[in-house]
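Chemist: Could you have a look at this structure, given as structure tokens, before my questions?
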Amino acid sequence: GGQNWCCKTISFSNDWCRRDDCLGQGCLDGGSTGVCSPLSDCICKNLIPYKSKQFCVLFKSCQRSTIDLDFAKDMVQLFTGRPASDSCIDALTKAICSYHFPLCESDTKDFKYVCDSVCQTVKTNCGNVTLPYFASEGSRCKPPGRDGDKECTEATEGRLVSCFLDS
């Protein structure tokens, strides 16, 4: 049967699979055990304050994000000859989370492309390593240009965070 993808604000809480909308319905692991797969260690949990298009694959999106990040760090080491820096890991994490958690406006309108600025930050901070090297489905970077940061996804910490300036 077809999956009911829907556009919702994601809760990374321990009972995410008990929601009565498409993000929770039928998502319980192991049938009768009634346990939700934990999302507490999801690398994207603090980067998705926006609505994203998901269904029961929420747990898999988190798993794949971690796998992609580990692979990306290996790629950076391979291409640059040194471990990924903190700024590179930060850029990679944002790109990977943008990729696995697409922004959406409605159940039928989502933005699968990762914003150009996100992709450029990876390139700048990670020694020219880019999304196609490590993303499971190749590049989904928005082509640069006038619309490079329109109708695309940029994973980012919740807005409140940016209000706290270093004193």
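Chemist: Would you mind checking K45/K73; K8/K112; K45/K123; K8/K123; K53/K150 for any pair whose Cα atoms are more than 26 angstrom apart?
Modeler: Distance filter (> 26 Å) returns K8/K123.
Chemist: Heavy atoms only, 1.4 Å probe, whole protein assembly: order K142, K51 by accessible area, highest first.
Modeler: Final ranking, largest accessible area leading: K51, K142.
Chemist: What shape does segment 39-150 take by its C-alpha gyration tensor, where a ≥ b ≥ c are the square roots of the eigenvalues and a/c under 1.5 counts as rounded, a/b above b/c as prolate, and the rest as oblate?
Modeler: Judged from the Cα gyration tensor, segment 39-150 comes out oblate (a/c at least 1.5, b/c at or above a/b).
Chemist: Here is a further query. Among residues other than S13 whose Cβ falls under 11 Å from its Cβ, what is the net charge (Lys/Arg +1, Asp/Glu -1)? Kindly include the intermediate steps, with their values, before the conclusion.
Modeler: Numbers: positive: R18, R19, K45; negative: D15.
That works out to +2.
The values are calculated or read from the model by the stated rules, or taken from the named source; none is laboratory data. If you're wondering where the values come from, they're calculated on a predicted model, not measured in any experiment. We place every Cβ from the backbone using ideal geometry, glycine too, and count neighbours over all the protein chains shown. The protein model used for the area step is the full one, side chains on, heavy atoms only, and it has no ligands, DNA or RNA in it. Shrake-Rupley method; radii C 1.70, N 1.55, O 1.52, S 1.80 Å.
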